[in-house]
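Note sheet for the following structure.
The values are calculated or read from the model by the stated rules, or taken from the named source; none is laboratory data. Because the structure is predicted, anything quoted here is derived from the model rather than measured. All Cβ positions, glycine included, derive from the backbone under ideal geometry; neighbour counts span all protein chains shown.
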């Protein structure tokens, strides 16, 4: 298993091979390096090592790699303020000249930074979704920038109802402004969105089983409904 796959997992799966590697590597190497080797997050390695009662070896604790874990080295002492040291700005609090210099560089009320983008500007978020600026009002940044595919749907249908979200239809995702059109987006419930995302995270063979089960469930529900209507005739 690769490091990237392990780091995307919410839960660590401790196989016998992983446990043997942990017992071997944890006492002798940095925990971050052990996590990379095992394809897990550092906190997952710490937690399992604590559960198993594992500890760093004396050789590791004596090595430079141990850093802050080393005892008696007074690590970082050279970077600390020494006793009696005076800061460069001691005694300047409240001086008129300092206050005036600070005021000269402060933003005035209603003033925007020089790099403020105009309304209508676009950018990408961390996941690659195309965003468009809709206002310069102060407050949460999510109110100033909205997903373009959501804006397209709202322009045609009005506000998104509570507990719903606008998403791309399957296979139609795009971050090109001209390609994001109303026929490529839809509004679904948060519950449906969770089902879709959960299913897509499964291995291909299990994903196919889930899809087939959904089709079967719909057919069963339809037959039961039809049967119930016939019974009441």
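Picking from 217, 181, which residue would you name as being at pLDDT below 95 and surrounded by 10 or more Cβ atoms within 10 Å (Cβ to Cβ)?
None of the others qualify; the one that does is 217.
Taking into account only those residues within region 10-27 that are part of a loop (DSSP other than H, G, I, E, B) and exposed (fewer than 14 other Cβ atoms within 10 Å of the Cβ), which is modelled with the highest pLDDT?
Initial filter on region 10-27 (part of a loop (DSSP other than H, G, I, E, B)): 10-15, 26-27.
Restricting the remaining residues to those that are exposed (fewer than 14 other Cβ atoms within 10 Å of the Cβ) gives 10-11, 13, 15.
Details: 10: 52, 11: 72, 13: 80, 15: 84.
Restricting to residues being part of a loop (DSSP other than H, G, I, E, B) and exposed (fewer than 14 other Cβ atoms within 10 Å of the Cβ), the top hit is 15.
Scanning region 185-197 for residues that are farther than 12 Å from residue 160 by Cα and in contact with a strand residue (DSSP E or B) (Cβ under 6 Å, 6 or more places away or on another chain), which turns out surrounded by the most Cβ atoms within 10 Å (Cβ to Cβ)?
Step by step, filter region 185-197, then rank; the result is 185.
Could you go through region 148-156 and let me know if any residue there is free of Cβ contacts under 8 Å to residues at least 60 places away in the same chain and outside any helix (DSSP H, G or I).
Taking every residue of region 148-156 in turn, none turns out to be free of Cβ contacts under 8 Å to residues at least 60 places away in the same chain and outside any helix (DSSP H, G or I).
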